[in-house]
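One structure below.
The values are calculated or read from the model by the stated rules, or taken from the named source; none is laboratory data. In this text, all values refer to a predicted model and were calculated from it rather than measured experimentally.
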Amino acid sequence: MFYFQPKLKLSYASDISPHWAPEEFMQWDGYEQLFDRSVRWLSHEL
């Protein structure tokens, strides 16, 4: 028996590096958590 998990997709329409992201966004308290959770969600860890 196989358990099928649907593929997850995430779209982010900008660059996460300082030359594109506004400084206010990068200083936001949830910035690191946003990307950490996004990657963990895509890898089915969440």
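Numerical summary
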{"quantity": "All positions within region 9-22 that are modelled with pLDDT of 80 or more and more than 11 Å from the chain's Cα centre (by Cα)", "calculated": "Pro22"}
{"quantity": "Residue match in region 29-42 (condition: of a type in the set (Asp, Glu), modelled with pLDDT of 85 or more and within 12 Å of the chain's Cα centre (by Cα))", "calculated": "yes"}
{"quantity": "Unique match (being at pLDDT below 75 and either over 11 Å from the mean Cα position of the chain (by Cα) or in a loop (DSSP other than H, G, I, E, B) (or both)) among Phe4, Phe25", "calculated": "Phe4"}
